[in-house]
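No value in this document is a laboratory result; all are computed from the given coordinates. These figures come from a predicted structure and were not determined experimentally. Virtual Cβ from ideal backbone geometry, glycine too; neighbours counted across all protein chains shown.
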Amino acid sequence: MEPTPEGAPPPAPRGPQGPLREHRMTSIFFGPHGLRVGWRLAIAVSLWVLFSTVLSAAIIWIPAVRAILGHRISPVVITPAFVLLGDGITAAAALLTAWVMTRIERRSFADYGLPGRQAFGKRFWTGSIYGFAMISLLMGLTAALHGFSVDGADLHGPAAIRYALLYSVGFFAVAVFEEFSFRGYLQSTLQLATGFWPAAVILAIVFGAVHLNNPGENLYGALMAGCFGLLAAFTLLRTGSIWFAIGLHTFWDWGETYFYAVRDSGIPATGHLLRSDFHGPAWLTGGSVGPEGSAIVFVVLAVAAAGIHCLLPARSASS
């Protein structure tokens, strides 16, 4: 090594060698589970925004859809068209996003909690019955405390059947989007970095906060939505899939909106089976939120969690 001439500045320090620099750059994007969780989430959210935007823009050019959008969909009233079109698009975007992520991450829909072989199987239908039983328990307890009454049927015959079917399909789309997004892909990805329950709690908080965008919703109703998210996560932990939660979510919403004809997360609906009414203070009836804002809902969620604990035994570590 030649000596540095007197008065000359010292030589600049050498940068990291090529392999070391490459390793550092690679570690920014990849970890022990492959592509790092933050990048996965950023890609997935970007894809969902892209797909939902493209699908919305494409479907608006269909004349029949434009007519429906112009006359039947309102941001403050639930209709079959509202849930079928709006949530159908968001659910389709979520599934397309997941399909792309399976290619990037080399995982499957089963890894995201949505195994195709269980579609509309025992777990789904058990969850469906469970969801309708939960909303029925809530309305029954409210009625027992003189806060809810039914004044007869609002729909009869073919109209009642038609709306029942349309709402069941529409709320299935709602459940697929919300459960697959929050308890499916996001849960399966975030838990790689945090573990199951920390991820479930974080996503439940986000899930509840998202509901604050609904007209008539408040902090109490958003808290209930977050607790509902934890209950759904519990069913995922016990079954290994979200099919039970999808059925539960579908027929909780169906029973609330169509069957009992009450507000769903603060939004009223048209085309419901019964004529019903609330009486009494907001802590009992839920006020502008509907029954999801009632204090009784937390009793129902606690009973439901105890029932799931008994109905769905814990899986072994190998299952």
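Tell me, what is the FRET efficiency for V201 and A314 to the nearest 0.05, using R0 = 25 angstrom and their Cβ-Cβ distance as r?
Once rounded, the FRET efficiency stands at 0.85.
Give me the dipole magnitude in Debye, nearest 20, for the chain about the Cα centre, with unit charges on the beta carbon: positive for Lys and Arg, negative for Asp and Glu.
For this selection, approximately 820 debye.
With 10 angstrom as the radius, rank T250, T235 by how many other C-beta atoms surround their C-beta, starting from the fewest.
T250, T235
Once you sort the root eigenvalues of the Cα gyration tensor of the stretch 228-319 as a ≥ b ≥ c, which label holds: rounded (a/c under 1.5), prolate (a/b larger than b/c) or oblate (the other case)?
Cα axes put the stretch 228-319 in the prolate bin.
Tell me, what is the percent relative contact order of the chain, built from C-alpha pairs under 8 Å that lie six or more residues apart?
Normalised by residue count, the contact order of the chain is 22 percent.
Taking the chain as a Gaussian network, where each spring joins two C-alpha atoms under 10 Å apart, which residue of A164, A58, A119 fluctuates the most?
It is A58.
Can you give the translational diffusion coefficient of the chain in µm²/s, computed by Stokes-Einstein from the Kirkwood radius over Cα pairs at 20 °C and 1.002 mPa s?
Roughly 99 µm²/s, to the nearest whole number.
Please rank D264, D277, fewest neighbouring Cβ atoms within 10 Å first, as an exposure proxy.
In increasing order of surrounding Cβ atoms, one gets D277, D264.
Can you bin the stretch 182-226 into rounded, prolate or oblate? Criterion: square roots of the alpha carbon gyration tensor eigenvalues sorted a ≥ b ≥ c, rounded for a/c under 1.5, prolate for a/b above b/c, oblate for the rest.
prolate
Would you mind finding the longest exposed-site-free stretch of the chain, with exposed trypsin sites (Lys or Arg not before Pro) meaning DSSP loop and at most 13 other Cβ atoms within 10 Å?
With trypsin sites (Lys or Arg not before Pro) excluded where exposed in loops, the chain gives 107-314 as its longest stretch.
Using a Förster distance of 41 angstrom, determine the FRET efficiency expected from the C-beta separation of I60 and R117, and round it to 0.05.
In this case the efficiency is close to 0.70.
Using a Gaussian network model of the chain with C-alpha springs under 10 Å, which one of P80, P32, P268 is most mobile by mean-square fluctuation?
Checking each option, the largest mean-square fluctuation is seen for P32.
Show that you can apply the helix-only estimate: for the chain, add -39,500 (n - 2.57) for every DSSP H stretch of four or more residues, divide by all residues, and state [θ] at 222 nm to the nearest 500.
Computed mean residue ellipticity for the chain: -19000 deg cm²/dmol.
Which residue, A143, A199, A94, tops the fluctuation ranking in a GNM of the chain built on C-alpha contacts under 10 Å?
Of A143, A199, A94, the most mobile in the Gaussian network model is A143.
Calculate, in nm to one decimal, what A110 and A302 gain on full extension: separation in residues at 0.36 nm each, minus their alpha carbon distance.
66.3 nm
Taking amide H positions as placed 1.01 Å from N in the peptide plane, with prolines and chain starts having none, which residues 5 or more places from F148, or on another chain, fall under 5 Å of its amide H?
Long-range HN contacts for F148: A143, H279.
Under a point spin-label approximation (7 Å from Cα along Cα-to-Cβ), what is the A153-T194 distance to one decimal in nm?
4.7 nm
Which whole-percent values make up P(r) of the stretch 146-298 when all C-alpha to C-alpha distances are grouped in 10 Å steps starting at zero?
Pair shares across the bins are 12, 37, 33, 15, 3, 0.
Go through the stretch 195-208 residue by residue and turn each phi into a ³J(HN,Hα) via Karplus (6.51, -1.76, 1.60, θ = phi - 60°); whole Hz please, and just put x for glycine and proline.
Result, rounded to whole Hz: x, 5, 6, x, 5, 4, 5, 4, 6, 5, 5, 4, 4, x.
Using a basic spin-label model with each label point 7 Å from the Cα along Cα→Cβ, how many nm lie between T270 and F30?
Computed distance between label sites T270 and F30 equals 5.6 nm.
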